[in-house]
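Notes follow once the structure below has been shown.
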Amino acid sequence: MVNYRGHVADSTVPNLPSLDDFTREAKAWLEANAEYRTSGTDEKDVVWGEGEFSVSVFHSLSFEEEKALLERAKAWTQKKAERGYHAITSPVEHGGLGYPREYSRAFSKLEAQFQTPTGHETHSVTVGLIAPTINIYGTPEQKKQFVGRFIATRDLCCQLFSEPGAGSDLASLACRAERDGDEWVINGQKVWSSGAQFSEWGELIARSNPDVVKHKGMTAFIIPMDLPGIEIRPIKQMSGGSSFNEVFFNDVRIPDSMRLGPEGEGWKVALTTLGFERDHSGDGGGGGSRVGGSWRLVLATARAMGVTADPVMRQELAELYTHFRVEGFVNRRAADMRRAGSPPGPEGSLGKLVWTKGMRKISDVISKILGPALIADTGEWGTYAWGEQVLGAPGYRIAGGSDETQRNIIGERVLGLPGDVRVDKDVAWKETRR
Ligand SMILES: Cc1cc2nc3c(=O)[nH]c(=O)nc-3n(C[C@H](O)[C@H](O)[C@H](O)COP(=O)(O)OP(=O)(O)OC[C@H]3O[C@@H](n4cnc5c(N)ncnc54)[C@H](O)[C@@H]3O)c2cc1C
């Protein structure tokens, strides 16, 4: 049985090795291809002052440095792909092993003991958001061309959704796709397109019919990013780097074979990708993530700064710990629903809100722990570097649908509260005020 994300959901796999045999082989492979971690910021017991300290949310790197980081992440995924370890639960026809989830969990646990390249947003967008979207909406040819390739990160793909006038209200987007025989002509602008400068492909949502209500007149495409007429301009972020971009389309011509899903169904395609983006069921929770720091690192910092006897500080730390425990349970419940085969639904909004709230709480608590050491670089390990977390965390309260948008979804689709005011509900897109 193959579930929503294309993962094998039961254990009726021919030649399935025992979990013990699989783990033994995977361990030998990891030992042959990677080094054990000595110390680092992601380990159970943080040794203060030892190893690399990174709590950044977004990379603060030059173009060349960020490209090199991405290449290292891709190379590791491609190495794993030689054995199918990059996609243990994915079907064999996409280069996976088709094994049940406990095999993938066992591998992740082992892999965490080894030094592996730092992740990158565009890498996870390609693998976790766009590949499964194509797996649902793609033609057989598109699935064959892209799904395995994207899961193994042989190519990268960015999201071309938001525009200067369409973010929270994405359905009002104005980038035009006009049909011309067997081709489409694209004109308009996208913005905040993460990793567009590093991507070979883009998932584009464009307005194909201005004469119908806004949700109905959109079509999705998978397009090459090096076509004549596409211009990519990086945007400088407050956290230092330039992870995202403006993308301009000037009479860009694409064949109809690049259309993803039926004409006029682009909104459904976009919602599917966004559903995967908001789905945090795969996260362990408990503040254990490498992006933006972890509970253990906050605690280690509090101990190093000698504040753990302060009653107010103890209260703050206890609240943070409680939050991460709750986050772990919320994610586990969502993971159980995924395992049972149900697609990501509005509960993804709850998971995303809890996640961004945790990041904000870390920023608040760490600011109190460090005080001036957060903004004056004394060279001490694990102090000033927290600034990258504090400046990066707000980005995820906006990306993938802002906190307010998630609350609207929960209010309307989970709690059944009255809907937001929609003045353009029955109005053709071309008649709406933008
Ligand atoms: C780090 C990061 C990465 C991103 N990556 C991508 C990407 O790869 N591809 C892509 O297409 N986009 C990307 N985005 C864009 C992102 O999806 C949008 O920024 C987001 O949807 C919000 O849209 P906006 O910026 O236009 O803000 P607006 O929609 O203008 O919102 C402004 C403020 O008004 C609030 N608001 C708006 N409408 C309502 C309402 N109805 N009720 C209550 N409050 C409301 C919002 O919550 C927000 O606080 C990224 C953004 C960030 C921060």
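Each row is one residue, and each column tells you yes or no for (1) closer than 30 Å to LEU299 by Cα; (2) within 17 Å of the chain's Cα centre (by Cα); (3) surrounded by 22 or more Cβ atoms within 10 Å (Cβ to Cβ).
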{"residue": "HIS59", "(1), (2), (3)": "yes, yes, yes"}
{"residue": "GLU64", "(1), (2), (3)": "no, no, no"}
{"residue": "GLU111", "(1), (2), (3)": "yes, no, no"}
{"residue": "VAL127", "(1), (2), (3)": "no, yes, no"}
{"residue": "PRO140", "(1), (2), (3)": "no, no, no"}
{"residue": "PHE150", "(1), (2), (3)": "no, yes, yes"}
Residues located in segment 368-388, provided they are in a helix (DSSP H, G or I) and farther than 30 Å from ILE409 by Cβ: LYS368, ILE369, LEU370, GLY371, PRO372, ALA373, LEU374, TYR384, ALA385, TRP386, GLY387
Any chance segment 148-165 includes a residue that's of a type outside the set (A, V, I, L, M, F, W, C), away from the ligand (no atom under 13 Å from the Cβ), in contact with a helix residue (DSSP H, G or I) (Cβ under 9 Å, 6 or more places away or on another chain) and not in a loop (DSSP other than H, G, I, E, B)? yes
Just one of GLU35, GLU82 is of a type outside the set (Gly, Ala, Ser), under 28 Å from GLY292 (Cβ atoms) and more than 16 Å from the ligand (Cβ to nearest atom); which is it? GLU35
Name the single residue, out of those in segment 176-231 being aliphatic (A, V, I, L, M) and part of a loop (DSSP other than H, G, I, E, B), that is farthest from LEU274 (Cα to Cα). LEU227
Looking for something outside the structural domain of SER199 (by TED's automatic domain parsing), in contact with a Phe, Trp or Tyr (Cβ under 8 Å, 6 or more places away or on another chain) and under 20 Å from LEU156 (Cβ atoms) - is there at least one such residue anywhere in segment 73-88? yes
Expected output for segment 190-201 (first residue within 8 Å of LEU160 (Cα to Cα), partner more than 10 Å from the ligand (Cβ to nearest atom) and modelled with pLDDT of 95 or more, Cβ below 6 Å, 6+ apart or cross-chain) is VAL191/GLU246
Take the residues of segment 391-434 that are within 30 Å of GLY292 (Cα to Cα) and aliphatic (A, V, I, L, M): which is farthest from the ligand (Cβ to nearest atom)? VAL414
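The values are calculated or read from the model by the stated rules, or taken from the named source; none is laboratory data. Model, not experiment: these values are computed from the prediction. When we count neighbours, we look across all protein chains shown, and the Cβ atoms used for this are built from the backbone with ideal geometry, even at glycine.
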